[in-house]
Structure formats: C-alpha cells, structure tokens
Amino acid sequence: MRSRHEASPAPSCQDRRPLGTVFTRPSSLADIVASLAKAERDGTLRERIRYYCRFALLIVDEIGYLPVTPGGGNLFFQLVNARYEKGAMILTSNRGFAEWGKIFGDSVVATALLDRLLHHAVVIQIEGSSYRLREHADLVPEAIRHKTQTTANPIPPTLKRRGRPPKNGGADHVDG
C-alpha cells in the first residue's frame, strides 16, 4: 500500500511515465469497479478486463474511500485474478487490511483479494499526519493532528516487508 501522493504521477511527469503503465484520471477503485460493472451490463466484461491486463503496471487509488457497490468486489476480484502474477499493481488506501471485508461488503472476497495481492507484494505502511495539512496544522483539531493511522490488526514490524527475500540473502548490512 502506498499513500496517494506517492502513487500519483506529478502533472509534469505524466508524459514521461514508463510505457505499459495505466493511470487513468480518475483511477479510484470506485471508478474501476464502475467501469467493470458497465462492461458487465454491456456484455463486454472480458474485453474490459483484458484492457486492464495489457498494462505492465495498474495503479488503483483510494481503496476504501468510497464504498464498493454490491457485486463490485467480485468484479474487482476478477480483474486482480486475471492480472495475478502477470502484471504489477500499486494500490493506495488509508484503511487497514482488517477493514477490507467492510469495504468490499464480503469478507470472503476480501480474503481472496488479499491472498493474491499480498503474495508477491511489498507493503509500505506510512503512519503520521497528512503532508497536506502541515501548513495548516493550527487549524486542525489536536485529536486529529496527532492521530496516527491505526488498524484493528496492525502489521507487526517483522512483517512490514513482504514478498521475495532480497538477493543478498536477507542481510541488513554488509560486513566490511
């Protein structure tokens, strides 16, 4: 998971992003699910999933910001399953994995999504206050200003780095 500002291409960089990357404006989970739902209604779901699968990198923004429509979790699962081990994804969310059952309205779908998404993933958990609010910290209530991101099931420090071990055998430093 990455914070939104790290995954969004800067306006000046959009022309220079690597080929094979899709970051449509907007690319929120809600918009992608709406696109998949429309394709399902039109009988073109297979083609829409194929469209999202042809890019080397798919960026899905704002998971959990808006609720997923009924059936949307299943549609997103079909997309993730089709891309599984075939293409990279960057997902951004300010919600913990323990909340994904509520976000998708189905804990079974959420578990299946997380199973595929986390298999080869590197999870980056960013804690702290919003960088956007730093300039106006005096206007934000104290309780919100110092609140760090907490989840019902926080990631233990030993599990924050997920995925394949580093090529150096996992050594944190080089003896010299």
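Residue count for the stretch 59-85 under the criterion of being assigned to a strand (DSSP E or B) and within 18 Å of LYS38 (Cβ to Cβ): the result is 1. Of the residues making up the stretch 41-56, those that are more than 14 Å from MET89 (Cβ to Cβ) and in a loop (DSSP other than H, G, I, E, B) are GLY43, THR44. Candidates are the residues of the stretch 132-157 that are at pLDDT 75 or above and not aliphatic (A, V, I, L, M); the one that is farthest from the chain's Cα centre (by Cα) is ASP138. Considered as a group, the residues in the stretch 59-85 that are of a type outside the set (Val, Ile, Thr) and more than 15 Å from LEU113 (Cα to Cα) include one that is surrounded by the fewest Cβ atoms within 10 Å (Cβ to Cβ), and that residue is PRO70.
The single condition from (1) closer than 30 Å to LEU45 by Cβ; (2) surrounded by fewer than 18 Cβ atoms within 10 Å (Cβ to Cβ) that GLU135 fails is (1).
For the stretch 97-128, the tally of residues that are over 12 Å from ASN81 (Cα atoms), assigned to a helix (DSSP H, G or I) and free of Cβ contacts under 8 Å to residues at least 40 places away in the same chain stands at 8.
The values are calculated or read from the model by the stated rules, or taken from the named source; none is laboratory data. Everything quoted here is computed from the prediction, not taken from an experiment. Cβ coordinates were reconstructed from backbone atoms using ideal geometry, including for glycine residues, and neighbour counts include every protein chain displayed.
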